[in-house]
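Some notes on the structure that comes next.
The values are calculated or read from the model by the stated rules, or taken from the named source; none is laboratory data. All of these numbers come straight from a predicted model, not from anything done at the bench. All Cβ positions, even for glycine, are placed from backbone atoms using ideal geometry, and neighbour counts span all protein chains on display.
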Amino acid sequence: MTNGILLFCLAAQAGQGGAETFNAPKYGLKVELPKDWSIAAREEDDRIFVALIPQKDFDRPGVAACEFGAAPESLDEYRSRIDKSAQIRPRAAGKLASNKILEGPGGPRLETVWEFHPNAGGFWHEVTVRLVRHRQLYSFILNVEDSAYAQARPQFDRLVAEAQFTAPNTGADLLAKSSNRWIQREYRFAIDLPEGWAPVLAPSAVALFYASGEPHGVWADNVLVLAHKQRDLDLQALARDLPDQIKKEEPGCEVLSCKIVPQAGAQALETVVRTTRGPFSMTVIERRFRGARFDYEVKYTIESRRFDALAPRLRKSLDSFKETPGDVPHKTPARAA
């Protein structure tokens, strides 16, 4: 084979394969995507990326994606819940083919495989690989038709195996280790968190700050901070009207208290609500108050069976909230990029 023909063959092979780097430092993820997997969405709330995979039917591409969420206490807890859910509420025209914990060089991962025949036709495979890194759950998903599976699956496995993880950009820095005090670096406010808690990436783009405690099962108690441009804030009127507003928005919840309390030399409206989120009973303690820059809402969501024991520490944390000196963006607050 001449050098010219050899170079031509190598170039042709490179065009058929190869990879492109996808880097999302805010989410702490860097992966190599096959060049023919086109990005359809990137860094939108809990979705880090969505890529389309070409298939025989041009109008029905396959999908590869990565999502993030709160880490469970253990992947085995997640595995058992998937098994139970598949028995109680099986997918239409589909079955759970496998659901197992696998050991790898970076630690355990949960691999779940569904096989199904959608109404539009074909035989499809859905593979989800879940990993825990930096207090976050990363879920890599492959969904392709059987004719594309033999090629796409090794590419997907390589993507997962070679994924690089760094600490996500939570927008917060540790200010004092002894009190577990954290500062939101863009909007310049600080708060002491309960022992063992730490910031994680917020699930909502409007949350300026989000932190969680150690997970229990698949749930982790959490706190979030929202901020709004200053407006009329009549705490007396809000104390009177808010319980009915909450009950309208969330029928069946129980408003345990709604009262004005002292906070940092001023006043805040503290509301405690018990509600149901999926299989869990949750208690939410929230304070609304005015700062020098914005109106704030600080909200702890705790599994009800732990709330009474944690309540003194939660109120101590709420009392510790304070704006700190420095310039902040003159815009409607949004999560730091």
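Give the residues of segment 20-42 that are under 20 Å from Pro168 (Cβ atoms) and exposed (fewer than 15 other Cβ atoms within 10 Å of the Cβ), sorted by residue number. Steps first, please.
The initial filter retains those residues of segment 20-42 that are under 20 Å from Pro168 (Cβ atoms), namely 21-33, 39, 41-42.
Selection gives Thr21, Asn23, Pro25, Ile39, Ala41, Arg42.
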- Task: Name the one entry in Lys56, Lys84 that is outside any helix (DSSP H, G or I) and at pLDDT below 95.
- Result: Lys56
- Message: If I filter segment 94-146 down to residues being among the polar types (S, T, N, Q) and at pLDDT 95 or above, which single residue comes out as surrounded by the fewest Cβ atoms within 10 Å (Cβ to Cβ)?
- Response: Ser98
- Item | segment 204-227 - residue that is within 19 Å of Glu44 (Cα to Cα) and in a loop (DSSP other than H, G, I, E, B) and, of those, modelled with the highest pLDDT | Leu208
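Looking only at residues in segment 213-265 that are of a type in the set (S, T, N, Q) and in contact with an Asp or Glu (Cβ under 9 Å, 6 or more places away or on another chain), which one is surrounded by the most Cβ atoms within 10 Å (Cβ to Cβ)? Spell out the reasoning first.
Pass one, segment 213-265, residues of a type in the set (S, T, N, Q): 222, 230, 236, 245, 257, 263.
If we keep only those that are in contact with an Asp or Glu (Cβ under 9 Å, 6 or more places away or on another chain) too, we end up with 230, 257, 263.
Details: Gln230: 12, Ser257: 11, Gln263: 19.
In this case the residue turns out to be Gln263.
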- Output for segment 265-315, where each listed residue is among the acidic types (Asp, Glu) and touching a residue at least 60 places away in the same chain (Cβ under 8 Å): Asp295, Glu297, Glu303
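To keep it simple, each residue is scored yes or no on (1) acidic (Asp, Glu); (2) under 12 Å from Ala211 (Cβ atoms); (3) in contact (Cβ under 8 Å) with a residue 40 or more places away in the chain.
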{"position": "Glu162", "(1), (2), (3)": "yes, no, yes"}
{"position": "Ala172", "(1), (2), (3)": "no, yes, no"}
{"position": "Ala176", "(1), (2), (3)": "no, no, no"}
{"position": "Trp182", "(1), (2), (3)": "no, yes, no"}
{"position": "Arg188", "(1), (2), (3)": "no, no, yes"}
{"position": "Asp192", "(1), (2), (3)": "yes, yes, yes"}
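Pick out the one residue from Gly107, Gly121 that is assigned to a loop (DSSP other than H, G, I, E, B), without any contact (Cβ under 8 Å) to a residue 24 or more places away in the chain and assigned by TED's automatic domain parsing to the domain that holds Ser147. It would help to see each step written out before you state the result.
Working: Gly107 fails: without any contact (Cβ under 8 Å) to a residue 24 or more places away in the chain.
Sole residue among the options that is assigned to a loop (DSSP other than H, G, I, E, B), without any contact (Cβ under 8 Å) to a residue 24 or more places away in the chain and assigned by TED's automatic domain parsing to the domain that holds Ser147: Gly121.
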- Note on the structure: The residue that is farthest from Gly213 (Cα to Cα), considering only those in segment 124-144 that are basic (Lys, Arg) and assigned to a strand (DSSP E or B), is Arg130
